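Engineer: Mind having a look at this structure? Questions to follow.
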Amino acid sequence: MKLFSFWQSSASYRVRIALNLKGLDAHYVSINLSPDVQAQLKPDYLDLNPEGRIPAIAVDEGLIGQSMAIMEWLEELHPEPALLPGDPWQRAKCRQFANTIACDIHPLNNASVLRWLTGELEVEQAKLMKWYKHWINRGFEPLEKQAAASEAEFLFGDAPGMAEICLIPQMFKGRQFGMKFETFPTLCALEEKCLTLDAFERARPENQPDAPENL
């Protein structure tokens, strides 16, 4: 199994955590998303993945992209340890939490979107940061309330799952853009707890083989 990833990609970060929680190994293939490289748009990668995005996983059957689809596939193929609760209602709530990040926050603040805003629409940096922080806050406010209402060890049970897998990379990415998250104390406490776990620690961007040495 090959994982096409980039150290700084929050969507790739999700899949790295999921693989680690499942105890699965994947050969790491770096796809450099840096604006001056954009390896994801080069012909050799587009031949493998016409979407021109990462993460993607290649196995004998072929290639699958999109982090949420990859995690659902991993869950079906390797159901233990589970990334989703056993109770149908809690499974739906866990997916709701994860998709608030993956479907609402992340697409609006994706690097390709931000580049288009500053390039095509000539949005100045101050307004770009206002855009970025608005969508983080808009999504995190309900997530904080949901997290504060949870009585479980983690968000939806005794172990982290798909919700935490989406949350931690988004907080990493937000901090890269100057977010402090002090208004979301429950989420910050959850982040601190998750980052003590080996599966999350090994998945951290700075611990990837393509991360710059001077971070």
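Values quoted throughout were computed directly from the atomic coordinates according to the rules given, and no laboratory measurement underlies them. All values reported here derive from a predicted model rather than from experimental measurement. Virtual Cβ from ideal backbone geometry, glycine too; neighbours counted across all protein chains shown.
Engineer: For a label point 7 Å from the Cα of PHE177 along Cα→C-beta, name the residues of segment 1-43 whose backbone N is under 20 Å from it.
Structural biologist: Taking a point 7 Å out along Cα→Cβ of PHE177, the residues of segment 1-43 whose backbone N falls under 20 Å are 6-15, 33-36, 38.
Engineer: Okay, next question. Kirkwood Rh over Cα pairs of segment 2-81 into Stokes-Einstein at 20 °C, 1.002 mPa s: D in µm²/s?
Structural biologist: So the translational diffusion coefficient is about 168 µm²/s.
Engineer: Kindly provide the helix-only [θ] at 222 nm of the chain, computed as the sum of -39,500 (n - 2.57) over DSSP H runs of four or more divided by all residues, to the nearest 500 deg cm²/dmol? If you can, show how the numbers build up before the last one.
Structural biologist: On the way: 10 runs with 111 residues, N = 215.
Helix-only estimate at 222 nm: -15500 deg cm²/dmol.
Engineer: Across the chain, what fraction of all alpha-carbon pairs, as a whole percent, falls in each successive 5 Å bin from zero upward?
Structural biologist: P(r) for the chain, in whole percents per bin: 1, 7, 15, 19, 20, 18, 12, 6, 2, 0.
Engineer: Ok, one more. How large is the Rg to Rh ratio of segment 24-137 when both quantities use alpha carbon positions and Rh follows Kirkwood? Kindly include the intermediate steps, with their values, before the conclusion.
Structural biologist: Numbers: Rg = 17.2 Å, Rh = 16.7 Å.
Answer for segment 24-137: 1.03.
Engineer: Let me ask something else about it. Taking a temperature of 4 °C and a viscosity of 1.567 mPa s, what whole-number D in µm²/s does Stokes-Einstein yield for segment 92-153 with Rh from Kirkwood over alpha carbon pairs?
Structural biologist: 100 µm²/s
Engineer: Then there is this: In segment 18-88, what GluC sites (Glu not before Pro) fall in a loop by DSSP, with at most 16 other Cβ atoms inside 10 Å?
Structural biologist: GLU51, GLU61
Engineer: At ARG138 and ASP60, where each label point lies 7 Å from the Cα along Cα→Cβ, what is the point-to-point distance in nanometres?
Structural biologist: Going from the ARG138 label point to the ASP60 one covers 4.6 nm.
Engineer: Spin-label point model (7 Å from Cα, Cβ direction): what's the LYS2 to ASP25 distance in nm?
Structural biologist: 1.8 nm
Engineer: State which entries of LYS22/LYS145; LYS2/LYS180; LYS2/LYS42; LYS145/LYS173; LYS2/LYS93; LYS2/LYS22 exceed 23 angstrom in Cα-Cα distance in the structure shown.
Structural biologist: Result: LYS22/LYS145; LYS2/LYS180; LYS2/LYS93 exceed 23 Å.
Engineer: Exactly which GluC sites (Glu not before Pro) in segment 77-162 are in a DSSP loop and have at most 13 other Cβ atoms within 10 Å?
Structural biologist: Taking segment 77-162 and a limit of 13 other Cβ atoms within 10 Å, the loop GluC sites (Glu not before Pro) found are GLU120, GLU122, GLU124, GLU151, GLU153.
Engineer: Using modelled amide H (1.01 Å from N, peptide plane; none on Pro or chain starts), what sits under 5 Å from the amide H of VAL29, excluding residues fewer than 5 places away?
Structural biologist: Amide H neighbours of VAL29: LEU3, PHE4, SER5.
Engineer: Placing +1 at every Lys and Arg Cβ and -1 at every Asp and Glu Cβ, with all other atoms neutral, what dipole size does the chain have around its Cα centre, in debye to the nearest 20?
Structural biologist: 600 debye
Engineer: While we're on this one: If you look at just the Cα atoms of segment 88-200, how large are its Rg and its Dmax in Å?
Structural biologist: So, for segment 88-200, Rg and Dmax equal 14.9, 47 Å respectively.
Engineer: Over all directions, the average projected area of the alpha-carbon convex hull for segment 160-201 comes to how many nm²?
Structural biologist: That works out to 2.8 nm².
Engineer: Can you give the charge dipole size of segment 88-200 about its Cα centre, rounded to the nearest 20 debye, using +1 on the beta carbon of Lys and Arg and -1 on the beta carbon of Asp and Glu?
Structural biologist: Rounded to the nearest 20 debye, it is 300 debye.
Engineer: Rounded to the nearest 5, what is the percent of antiparallel bridges among the DSSP beta bridges in the chain?
Structural biologist: In the chain, DSSP labels about 65 percent of beta bridges as antiparallel.
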